[in-house]
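The structure appears below as structure tokens.
Readers should treat all values here as calculations from the given coordinates under stated rules, not as data from a laboratory. From a predicted model like this one, the values you see are computed outputs, not experimental measurements. All Cβ positions, glycine included, derive from the backbone under ideal geometry; neighbour counts span all protein chains shown.
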Amino acid sequence: MDDATLMTAADLEALRVELATLEGEGRRDIAGRIKTAREWGDLKENSEYHDAKNEQAHLETRIATLRDRLARAQIVEVAPKASDGGIVGFGSVVMVRDEEGREQRFEIVSSRSAAPGAGQISIESPVAKGLLGLHAGEAVSITLPRGSRRLTVVSVA
């Protein structure tokens, strides 16, 4: 399943809750706004109506995106830290060093939980894919959009 969206069981549940909320109260709210705006008369020059219709289009796009992610969801279990033997995997916290000696900390998470600025990278990212399966002391060259980067795993937790 090459186009799978990898996530934890908790991520899957959060996705289902968000989808249910948008399909339920999200749609009801927009329908109410459209109904109210229609009652104000001429739709051609009714900015409230056009704004509500635009928001409806955005809502339906978000719903379609979430349904697609749900259909492609593949649950990945986070390995227990003590038994993984220091192998980089889903849920690992990895300290790496680049060729200039700079160190960075990454936590391998689902795409839903990713926050690159906080060091949480998606398991589907090029860096995470390059690090998966490595042990402390091993190095890898990772191809990125701005060129190649060589990283050495310092530690895995």
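Numbers for the structure displayed
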quantity: Cα-derived Rg to Rh of the stretch 93-156, Kirkwood definition; calculated: 0.93
quantity: Pairwise Cα inverse-distance average, inverted: Kirkwood Rh of the chain (Å); calculated: 18.5
quantity: Antiparallel DSSP beta bridges within the chain, as percent of all bridges there, nearest 5; calculated: 75
quantity: 5 angstrom amide H check on Gln120, placed H, neighbours 5+ away; calculated: Glu107, Ala115
quantity: Shape category assigned to the stretch 85-124 from the gyration tensor of Cα positions, a/c cut at 1.5; calculated: oblate
quantity: 5 angstrom amide H check on Ser155, placed H, neighbours 5+ away; calculated: Met95
quantity: Cβ-placed point charges (K, R +1; D, E -1), dipole of the stretch 8-82 about Cα centre in debye, nearest 20; calculated: 220
quantity: Spacing of the two label points (7 Å from each Cα toward its C-beta) at Asp51 and Glu77, in nm; calculated: 5.0
quantity: Partners for Lys53 among aspartates and glutamates (Cα-Cα distance below 14 Å; same-chain residues under 8 apart left out); calculated: Asp29, Glu45
